[in-house]
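Asker: My questions all concern the structure below.
The values are calculated or read from the model by the stated rules, or taken from the named source; none is laboratory data. These numbers were taken from a predicted model, which means no experiment stands behind them. Note: ideal-geometry Cβ built from the backbone for every residue, glycine included; neighbour counts use all protein chains shown.
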Amino acid sequence: MRISHRTIRGPISCLVAFLVCIATIGCQAPSLLITPVSGSRKLVETELSRDSFLASDKIAVIHASGVLTNAAKTQLFGTGEHPVSFISEQLDKARRDRSVKAVILRINSPGGTVVASELIHDEIVHFKKSGKPIVAVMMDVAASGGYYIACACDEIIAQPSTVTGSIGVIMQLFDMSGTLGMLGIKNEAITSGPNKEAGSPFRALSDEHRELFQHIVDDMYERFVSVVLTGRPHMEEDVVRKLADGRVFTGTQAAEWGLVDRIATMRDTIEALKSQVNTTSVRVITYHRPAEYKPNYYAHMPQPGIDINFLNIDAAGLFEHASPEFLYLWAPGLTGH
């Protein structure tokens, strides 16, 4: 049987091309990994760490990250999670799982809308009826609404450099009437009453309208102070009101004032919870959507946002509408004059 040069030329050429490809990419063969992904959006559980092979008790880590809104977050491609719904869904899953003995609420949030903060606070209070302890662990920032939801937990733990506090309410308004006047544009609105247009960015805020909004802000502020007093029963009301002027604190300063219980790491918190629930061996788990990777309890899938004070804060959704909003939010880059 005769084998021509043409017969072997093809395989040899392919082999040479393959070897050249390997040399080009650093002598490592290329690979393609295809992982099947479920089309379901139901929460899945991922184990972050395990004390021993036989560990069956769980501590669940639930993330409260970014701006807290009572609506799906706006992202570059479509919409993201609904913060209130997502946290509530995770709390329910942890509450129903008998193996979950405690929850760590990992907070990295500057706050958000008043209603979203209140709803998440209420969901945490509801979870506590299960008898399972829930501890707030603050990361980079847990301010305003982030601190508000922490007050619902059994214990508040911070890092030394955590930014927290900012107890207060802000209503952000915009006045574009001067700019419109320069452009020769005049706004005309037909309303059913003199206060229907209050807060419009197309008119300067009148003294009467400012007073109306101030009463609402004051009422929400009192609600915030009440939540802090309930969550921090060892603090005197006059001390809370002294600190509740909108200022922020480091975690160390907040601990000195009693706004947080102690300074501790996630590892310290897990060890303390193990002792509290009378177990020596646990699995630390978290919940997420399918295809989201969680390597450890510090990880959280990043969301598109804008940088404010070197913190990744997805605040765009808060100001995508012209209507004013009442906020438990610390974002000096947006709220400055």
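Asker: Can you name the residue in the range 165-195 that is assigned to a loop (DSSP other than H, G, I, E, B) and of a type in the set (S, T, N, Q) and is also nearest to Asp207 (Cα to Cα) among such residues? I'd like the intermediate steps shown before the answer.
Answerer: Restricting attention to the range 165-195, the residues satisfying the condition of being assigned to a loop (DSSP other than H, G, I, E, B) are 166-169, 173-176, 183-195.
Filter again for of a type in the set (S, T, N, Q), leaving 166, 187, 191-192, 195.
Details: Ser166: 26, Asn187: 20, Thr191: 19, Ser192: 20, Asn195: 12 Å.
Restricting to residues being assigned to a loop (DSSP other than H, G, I, E, B) and of a type in the set (S, T, N, Q), the top hit is Asn195.
Asker: Checking the structure you have, find out if any residue of the range 172-180 is loosely packed, with under 11 Cβ neighbours inside 10 Å, closer than 30 Å to Ala136 by Cα and either at pLDDT below 90 or of a type in the set (D, E, K, R) (or both).
Answerer: Within the range 172-180 (the criterion being loosely packed, with under 11 Cβ neighbours inside 10 Å, closer than 30 Å to Ala136 by Cα and either at pLDDT below 90 or of a type in the set (D, E, K, R) (or both)), the answer is no, since none of the residues qualifies.
Asker: Inspect the range 212-226 for any residue being part of a loop (DSSP other than H, G, I, E, B), on the phi < 0 side of the Ramachandran plot and either over 20 Å from the mean Cα position of the chain (by Cα) or surrounded by fewer than 13 Cβ atoms within 10 Å (Cβ to Cβ) (or both) and give the result as yes or no. Write out each step before concluding.
Answerer: Our first condition is that a residue be part of a loop (DSSP other than H, G, I, E, B); within the range 212-226, this holds for none.
The answer is no, given that none of the residues of the range 212-226 is part of a loop (DSSP other than H, G, I, E, B), on the phi < 0 side of the Ramachandran plot and either over 20 Å from the mean Cα position of the chain (by Cα) or surrounded by fewer than 13 Cβ atoms within 10 Å (Cβ to Cβ) (or both).
Asker: Also: Limited to the range 203-250, what total is found for residues that are basic (Lys, Arg) and either in contact (Cβ under 8 Å) with a residue 40 or more places away in the chain or touching a strand residue (DSSP E or B) at 6+ places or on another chain (Cβ under 6 Å) (or both)? Before the answer, list the steps.
Answerer: Within the range 203-250, the first condition is being basic (Lys, Arg), and the residues that meet it are 203, 210, 223, 232, 241-242, 247.
Keeping just the survivors that are either in contact (Cβ under 8 Å) with a residue 40 or more places away in the chain or touching a strand residue (DSSP E or B) at 6+ places or on another chain (Cβ under 6 Å) (or both) gives 223, 232, 247.
Looking only at that region, the number is 3.
Asker: Moving to a separate point now. What single numbered condition from (1) buried (at least 24 other Cβ atoms within 10 Å of the Cβ); (2) farther than 14 Å from Gln90 by Cα; (3) under 14 Å from the mean Cα position of the chain (by Cα) fails to hold for Val114?
Answerer: All conditions pass for Val114, except number (3).
Conditions (1) more than 30 Å from Thr279 (Cβ to Cβ); (2) at pLDDT below 95, marked per residue:
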| site | (1), (2) |
| --- | --- |
| Met1 | yes, yes |
| Glu45 | no, yes |
| Val61 | no, no |
| Lys93 | no, no |
| Arg96 | no, no |
| Val103 | no, no |
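Asker: So how many residues does the range 112-164 have that are touching a strand residue (DSSP E or B) at 6+ places or on another chain (Cβ under 7 Å), of a type outside the set (A, V, I, L, M, F, W, C) and part of a loop (DSSP other than H, G, I, E, B)? First the steps, then the outcome.
Answerer: Residues of the range 112-164 that are touching a strand residue (DSSP E or B) at 6+ places or on another chain (Cβ under 7 Å), as a first pass: 112-114, 116-117, 120, 124, 127-128, 132-150, 153-164.
Of the ones still in play, those that are also of a type outside the set (A, V, I, L, M, F, W, C) are 112-113, 117, 128, 132-133, 140, 144-148, 154-155, 159-162, 164.
With the extra rule that they be part of a loop (DSSP other than H, G, I, E, B), the set shrinks to 132-133, 144, 154, 159-162.
The total comes to 8.
Asker: From Tyr287, Tyr297, which residue is under 22 Å from the mean Cα position of the chain (by Cα) and either surrounded by fewer than 19 Cβ atoms within 10 Å (Cβ to Cβ) or at pLDDT 90 or above (or both)?
Answerer: Of Tyr287, Tyr297, the one residue that is under 22 Å from the mean Cα position of the chain (by Cα) and either surrounded by fewer than 19 Cβ atoms within 10 Å (Cβ to Cβ) or at pLDDT 90 or above (or both) is Tyr287.
Asker: Looking only at the range 108-151, how many residues end up being among the small types (Gly, Ala, Ser) and either in contact with an Asp or Glu (Cβ under 6 Å, 6 or more places away or on another chain) or within 12 Å of Thr164 (Cβ to Cβ) (or both)? Can you show your working first?
Answerer: Taking the range 108-151 and keeping what is among the small types (Gly, Ala, Ser), we get 109, 111-112, 116-117, 130-131, 136, 142-146, 150.
From the residues that got through so far, the ones that are either in contact with an Asp or Glu (Cβ under 6 Å, 6 or more places away or on another chain) or within 12 Å of Thr164 (Cβ to Cβ) (or both) too are 109, 111, 136, 142-146, 150.
Residues flagged as among the small types (Gly, Ala, Ser) and either in contact with an Asp or Glu (Cβ under 6 Å, 6 or more places away or on another chain) or within 12 Å of Thr164 (Cβ to Cβ) (or both) within the range 108-151 amount to 9.
Asker: Also: Among the residues of the range 228-265, how many are assigned to a helix (DSSP H, G or I) and not acidic (Asp, Glu)? Steps first, answer last, please.
Answerer: First pass over the range 228-265, keeping only residues assigned to a helix (DSSP H, G or I): 228-231, 237-243, 251-257.
So of that shortlist, the ones also not acidic (Asp, Glu) come out as 228-231, 239-243, 251-255, 257.
Residues that pass the stated criteria total 15.
Asker: Still on this structure: Test Thr280 against the stated conditions and say whether it is part of a loop (DSSP other than H, G, I, E, B), of a type in the set (Val, Ile, Thr) and either surrounded by 18 or more Cβ atoms within 10 Å (Cβ to Cβ) or at pLDDT below 95 (or both).
Answerer: Numbers: part of a loop (DSSP other than H, G, I, E, B): yes; of a type in the set (Val, Ile, Thr): yes; either surrounded by 18 or more Cβ atoms within 10 Å (Cβ to Cβ) or at pLDDT below 95 (or both): yes.
Spelling it out, Thr280 is indeed part of a loop (DSSP other than H, G, I, E, B), of a type in the set (Val, Ile, Thr) and either surrounded by 18 or more Cβ atoms within 10 Å (Cβ to Cβ) or at pLDDT below 95 (or both).
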